[in-house]
1. Cα convex hull of segment A:241-313: how many Å³ per residue?
2. In peptide A:74-81, how many Cβ atoms from other protein chains are near each Cβ within 10 Å, on average?
3. Keeping every protein chain in place, order A:W140, A:W191 by accessible area at 1.4 Å, biggest value first, i.e. largest first.
4. Do the sum for chain A: with -39,500 (n - 2.57) for every DSSP H run of n ≥ 4, divided by all residues, what is the mean residue ellipticity at 222 nm, to the nearest 500 deg cm²/dmol?
5. Could you state how much accessible area B:F66 has, in square angstrom rounded to the nearest 10, with a 1.4 Å probe and all protein chains kept in place?
6. So, in nm, how far is label A:A14 from label A:I77 when the simple model puts each one 7 Å beyond its Cα toward the Cβ?
7. Rolling a 1.4 angstrom probe over the protein chains, ignoring ligands and nucleic acids, what is the accessible area of B:T188 in square angstrom, nearest 10?
8. Which residues of segment A:133-162 end up with at least 10 Å² less accessible area in the presence of all protein chains than when their chain stands alone, using a 1.4 Å probe?
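The values are calculated or read from the model by the stated rules, or taken from the named source; none is laboratory data. Because the structure is a prediction, the values reported are computed rather than measured. Here Cβ is always computed from backbone atoms with ideal geometry, including for glycine, and neighbour counts include all displayed protein chains. Just the protein is used for accessible areas: all its heavy atoms, side chains included, with ligands, DNA and RNA removed. Shrake-Rupley method; radii C 1.70, N 1.55, O 1.52, S 1.80 Å.
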Amino acid sequence: MDWTNLILIPAVKAIVLIVVLLTGFAYLTWFERKVVGRFQLRYGPNRAGKFGLGHPIADALKMIFKEEIIPGHVDKILYVLGPALAIAPALAIFAVVPVGPDLMLFGQKIPMVVADVNIGLLYVLAIAGVGTYGVILGGWASNNKYSLLGALRTSAQMLSYELPMGIMLIAILLMTGTLSLVQIVNQTLPWYFRVWILLAFPFYFTTVLAETNRSPFDLPETENELVAGFQTEYGGIKFALYYMTEYLHMIAASGVVVTLFFGGWRGPFVAQVPFLGLIYFAIKVLAMIFLFIWVRTSLPRVRYDQLLKFCWTFLFPMSLIYMAITAVVVVLL
Amino acid sequence: MFLFIVFAAIAVVAALGVILSRKPVYSALFLLLNFATLAAMYILLQAQFLAAVQIIVYAGAIVVLFLFVVMLIGGGELGPGDRETSRQGAALRSLVSLSNGLPKGDKETRKQGDAATSLASPHGSAAPRLRGSLALVLAVLLLAAVGYGLVTGHLFPVQGNAAAFGQGSVEAIGAALYTDYLLPFELTSVLLLVGMVGAVVLAKNEG
């Protein structure tokens, strides 16, 4: 019994999660191409299969069977380590995000989260911070000036935007009083706190865009000035890993945002039919991802100096003010 | 116990890697590995919060900054002949900077104080003498705080207080930091602020 609870169930959950995430990634590329196509008055991919649903499979096969090339001028160890270090944290972030209420399966109560650690939020921050290394190492190991510039931009961008993000998380932590994402979803906050948290959403979402290197903050790979930034020298499956990382970050960030701001898996009738929680969570995450893509197709990329200036002169002070007000209100109430 | 030995071994190997690597980038990465194993050991000790902070602060920020600097400066490989000369060169350079720094030290501390006060009055309208004396007062206050802590014993660990840290939970550590260890905590933050202001001053005006 102990053995099932300690090893078997978490292992199964982790495997299911990874499979879902990877499939989700594949169809996210399809979803993004479709949505962007519609925004630009095109049809988007529609050749392979019904509605072009075969495109992700074709893409995956193409990437896997491409010839593996390691350019001669790169630092071989770090060149291979880069994509691996990028993808592992991206997959690991989701471990602390609850995707649904406890379900009864095979006569056992199974919480729909891989690991309910009591430092969930800090775990998210830590793993996201480690994710920077994949990009930095890849860019440096490529031994190419475009890659290096992309990597340098990444490190500055990620470090800068982690600050307002962390401070806003502190403010939310002050209101929820717990770091565990499971408890954050389970507890009921008074309505004024909910509204106040929602007020922070636009700012938080901006930092998330920067942390996931999504447009309009995709400076690390600015194709019209840096070729492809840090991933210029990558091809085949290693390129695919970087590509996956970006989308997995998007999914994970959406999951965290939904958990913090929009009540996670909560919705009508979840108490009666717990399984609905999973569906609500998926819908909310999908809506958030749509927001990512919407921003991408609507806004032009910012310049590098604008990016950093915006962070340090606007977001950072704003988040400090937000945190200060929150702290005062929490103490007074 | 078994896990501890594994992590300890990795930590030692990583630490050796830091000082034996020929490329600065590899040194930084071994340092990262070392920090990661330290975090793993904290988890073995049930100190999850410390582990997370270890990763966030050291792995997430400090080593990234190291890499940033290494990339900006170039970070080429040290040749076999480079080794001795560069070491001697570094020693020499640090000696020179030390001897340069000694007479300037007084001036620099004053400058840091200046910056602290000029933050209060951004246009620097106050007379230099006034700013200097204000900096002196602040420094004396800081020293007085340290002295007070030393005399009353607030700067020393509270005896038999290991239980206060509970299971290394966030609540327990927070409570301990803001009650028993309030003075050292605040002094450290002031110290960090002074360091930050000093760095800004040194970077801003070279003269």
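1. It is 120 Å³ per residue.
2. Other-chain Cβ atoms within 10 Å of each residue's Cβ, averaged: 1.
3. Sorted descending by solvent-accessible area, the residues read A:W191, A:W140.
4. Details: 12 runs with 218 residues, N = 333.
Taking each H run of at least 4 residues, the total per residue is -22000 deg cm²/dmol.
5. Rounded to the nearest 10, the figure is 100 Å².
6. Roughly 2.6 nm, to one decimal.
7. Roughly 70 Å² of B:T188 is accessible to a 1.4 Å probe.
8. A:Y133, A:I136, A:L137, A:W140, A:L148, A:L152, A:S155, A:A156, A:L159, A:E162
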